[in-house]
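The values are calculated or read from the model by the stated rules, or taken from the named source; none is laboratory data. Just so it is clear, the structure is predicted and the values come from calculations on it, not from any experiment. Neighbour counts run over all protein chains shown; Cβ positions are idealised from the backbone, glycine included. For the accessible areas, the whole protein counts, side chains as well, though only heavy atoms, and no ligand, DNA or RNA atoms are used. Shrake-Rupley method; radii C 1.70, N 1.55, O 1.52, S 1.80 Å.
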Amino acid sequence: MTGRRLTSLLAYVSTAAAGASLLTGCGVLPGATGGSREPVTVMTWAPDQTRATNMPGMPAMAQAYARWVNANGGIDGHELRVLTCNEQNTNAGASACARRAVREGAVAVVGSYSQNGRAFMAPLEAAGIPYIGGYGISEDEFTSPLSYPVNGGLASLVAGHGMQLAASCRTVSLVRPDTIAGDRLPDLLNSGLRKASHRSAVDIPAVEDAAEYTQQASRARSRAAGEDGCVTAVLGERTQTFFDSFRRLPEQKAGKGKGGDTVRISSVLGSVGQPVIDRTGGADSPFEGAYVTGWYPDADHRAWDPMKKVIKEHAFVDNRVDPADAGVQTTWIAYTVLRQVIESLDSDRISALQISHALDQGVTIDTGGLTPDLRWRYDDLLGAPGFPRIVNHDVTFQVVRDGRLVAQKPGFVDVGETVLTAP
């Protein structure tokens, strides 16, 4: 058995054992109202220790959530059992995680990250297992009838980012992955830029897992140079690597958009977030002054207080769980959906079919202000080409000030019409 498989197995055994230790009397969880209700098994997966984007905080948040609800009587009396899996950023890894979810009786996959939608959706669809609150990076999350996204995915972020940049940037260079998913990004960004009659962004494809990006950085800066030029990079975890190459370019101090700087930098949540800003110097970070488009309120917003309390009490020694991380935040919202759906069923046994049926029939989810109320009836779907299952098409405009991501514009911005107009 490999170290990775052993780690995954130990994490599952530890979570299951922790849940089992909470059972008392006649199979009743502490805090339950009585009777015997069957445990609910779900899975959360994400890539870890890969050369591209890693999201270890997502399964870690899922485990902390399970510890919290099980310590308080479970979900409507059901013990929550969370399986975790390393998706490895590969088709084979995503498919293996999905098959394991089927094999081990998961009734849903919740709050997970994978770019390999075609690999994981087919096994889930064959078994009738819903995919709730994926990160939003795969187009399959917005096409499969068994997918229930909680945000507008990368499509909404990039379209919204074009709207955010249109107010301040005369020219824009876009550095994005040279992948099938990355090929959609220029059209989405341009749909937002057109809100202010801008010319199209300069499209600069780049290898997703490169060790440096000097050539792409030089081209991006030269094409955006001049008054009010902007360079935006959407490279996931490698965005930091790109901007490190960018700031090392000779003859110009690049990045902050202040004083003599001529080019301002920008990105979207998931490629740049508070953890990255903290790691790169806070107020002295190269991201100071950068524009960032997100799905949710900034990390200091009071709507995150319940999540932060759970992290403090049930994941305080786990440094993978950062409340400012977009993956952790998405996982919290996804499990909020799961909890409210199970509570709405009021059943001793929970099945995958019950969950998907409740979601299809219009159960409404209150996320406490982190998103608009969520509902997945046919009439609630945006129906955008390539992304028909978007139901939450709100984004937030943020900016880095004194080392903190803060709201540039209060509240949410609806980008639904912008996504609809993208080719």
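Points worth noting:
- Kirkwood hydrodynamic radius of region 294-423, from inverse mean 1/r over distinct Cα pairs, in Å: 16.6
- P(r) tail fraction, region 344-413 - alpha-carbon pairs more than 21 Å apart, %: 47
- A straight line joining the Cα centroids of region 156-179 and region 57-88 runs 36 Å.
- With a cut-off of 11 Å between beta carbons, the residues surrounding residue 212 carry a summed charge of +1, where Lys and Arg count +1 and Asp and Glu -1.
- Residues with amide H under 5 Å from that of residue 81, placed H, sequence gap 5 or more: 40, 41, 42
- About the centre of its Cα atoms, the chain shows a dipole size close to 740 debye [charges on the beta carbon of Lys, Arg (+1) and Asp, Glu (-1) only; nearest 20 debye].
- Only protein heavy atoms count here; under a 1.4 Å probe, residue 68 has an accessible surface of about 70 Å².
- Taking 403, 411, 134 in turn, the Gaussian network model of the chain (Cα-Cα springs below 10 Å) assigns the largest fluctuation to 411.
- Only helical runs count toward this figure. For the chain, summing -39,500 (n - 2.57) over DSSP H runs of n ≥ 4 and dividing by all residues gives -11000 deg cm²/dmol at 222 nm.
- Net charge of neighbours whose Cβ lies under 11 Å from the Cβ of residue 235, counting Lys and Arg as +1 and Asp and Glu as -1: -2
- Simple spin-label estimate for residue 305 and residue 407 in nanometres, 7 Å along Cα-Cβ: 1.6
- Share antiparallel - DSSP beta bridges, the chain, percent rounded to 5: 35
- If you run the Gaussian network model on the chain, springs between alpha carbon atoms under 10 Å, then out of 389, 176, 349 the most flexible one is 349.
- Spherically averaged projected area of the chain from its Cα convex hull (nm²): 19.3
- Computed over neighbours whose Cβ is under 13 Å from that of residue 301, the net charge equals 0, Lys and Arg +1, Asp and Glu -1.
- Fully extending the segment from residue 347 to residue 214 would add 42.1 nm, taking 0.36 nm per residue of separation and subtracting the current Cα-Cα distance.
- In sequence order, region 268-273 has phi-based couplings of 10, 4, x, 8, 10, x Hz under the Karplus curve 6.51 cos²θ - 1.76 cosθ + 1.60, θ = phi - 60°, and Gly or Pro positions carry x.
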